[in-house]
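K.L.:
Pasting in a structure now, in structure tokens, and then I'll have a few things to ask.
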Amino acid sequence: MFSYDHNESLGYLSGLTSRLLSNLLGKRFQEAGIELTAEQWGAIILLLNSDAMTQGQLGERLSLEKSSVSRLVGRLERRGWAVRTKSPEDSRHKLVSATPKALETAERCAVIARTILK
């Protein structure tokens, strides 16, 4: 007889851990008065640690679909954490970069994230 307990599978456990950590991170940000999701936090970290990149590049690095990246960047822009500019090489492409406000927020968020990881 075939025996498989999905509750003990590596895929299930890693997915569950990811969701729990993301939810906890979002909750702690909210408690600190920071309206930021774990997904947005990941995008800000990438943008702060890189030169400006296209939305496509950001999507590849975050493993997100184009439409999800567009919405994500739009939310970051509305909060003043990211800005889109035309690429000097190809005006059809927009480059995304973090703002100084994102750096200020990231410094506060990093303290929270480190606490959770400990």
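The values are calculated or read from the model by the stated rules, or taken from the named source; none is laboratory data. If you're wondering where the values come from, they're calculated on a predicted model, not measured in any experiment. Here the Cβ is made from the backbone with ideal geometry for all residues, glycine too, and neighbour counts use every protein chain on show. Just so you know, the surface numbers come from the protein's heavy atoms only, side chains and all, with ligands and any DNA or RNA stripped out. Shrake-Rupley method; radii C 1.70, N 1.55, O 1.52, S 1.80 Å.
K.L.:
Could you report the accessible area of HIS6 in Å², rounded to 10, computed with a 1.4 Å probe on the protein chains as they sit in the structure?
P.N.:
Per-residue accessible area (HIS6): approximately 90 Å².
K.L.:
Heavy-atom accessible area of LYS27 with all protein chains present, probe 1.4 Å, nearest 10 Å²?
P.N.:
110 Å²
K.L.:
Just to confirm, what accessible area per residue do you get for the chain at 1.4 Å probe, in whole Å²?
P.N.:
Details: 8120 Å² over 118 residues.
About 69 Å² of surface per residue is accessible.
K.L.:
DSSP loop GluC sites (Glu not before Pro) in region 76-117 with at most 10 other Cβ atoms within 10 Å of their Cβ, which ones?
P.N.:
GLU89
K.L.:
State the percentage of accessible surface on the chain attributable to carbon and sulfur atoms; use a 1.4 Å probe and exclude ligands, DNA and RNA.
P.N.:
Numbers: 4210 of 8120 Å².
Solvent-exposed carbon and sulfur of the chain make up 52 percent of the total.
K.L.:
Continuing with the same structure: Hey, if we sort THR115, THR99, THR37 by accessible area with the 1.4 Å probe, largest down, what's the order?
P.N.:
Working: THR115 90, THR99 25, THR37 65 Å².
Final ranking, largest accessible area leading: THR115, THR37, THR99.
K.L.:
Using 0.36 nm per residue, how much length does the chain from SER22 to ASP51 gain when fully extended, once their Cα-Cα distance is taken away? Please list the in-between numbers first.
P.N.:
On the way: separation 29, 0.36 × 29 = 10.44 nm, distance 2.55 nm.
Working it through step by step, the gained length comes to 7.9 nm.
K.L.:
What's the extension gain from GLU31 to TYR12 if we count 0.36 nm per residue and subtract their Cα-Cα distance?
P.N.:
Working: separation 19, 0.36 × 19 = 6.84 nm, distance 2.84 nm.
Computed gain between GLU31 and TYR12 is 4.0 nm.
K.L.:
Between exposed chymotrypsin sites (Phe, Trp or Tyr not before Pro) in the chain, where DSSP calls loop and at most 15 other Cβ atoms lie within 10 Å, what's the longest gap? Mind showing how you got there, number by number?
P.N.:
Numbers: sites that count: PHE2, TYR4.
Free of exposed loop sites, the longest segment is 5-118.
K.L.:
Still on this structure, please answer the following. Per DSSP helix of 4 or more residues, -39500 (n - 2.57); summed, then divided by the residues of the chain. What does that give at 222 nm, rounded to the nearest 500? Numbers along the way, then the final one.
P.N.:
Numbers: 5 runs with 72 residues, N = 118.
Result for the chain: -20000 deg cm²/dmol, rounded to the nearest 500.
K.L.:
Still on this model: For the chain, with the dipole built from +1 on Lys and Arg beta-carbon atoms and -1 on Asp and Glu ones, taken about the Cα centre, which of GLY80, LEU24, SER63 lies farthest toward the positive end?
P.N.:
Comparing the listed Cα positions along the dipole, GLY80 ranks first.
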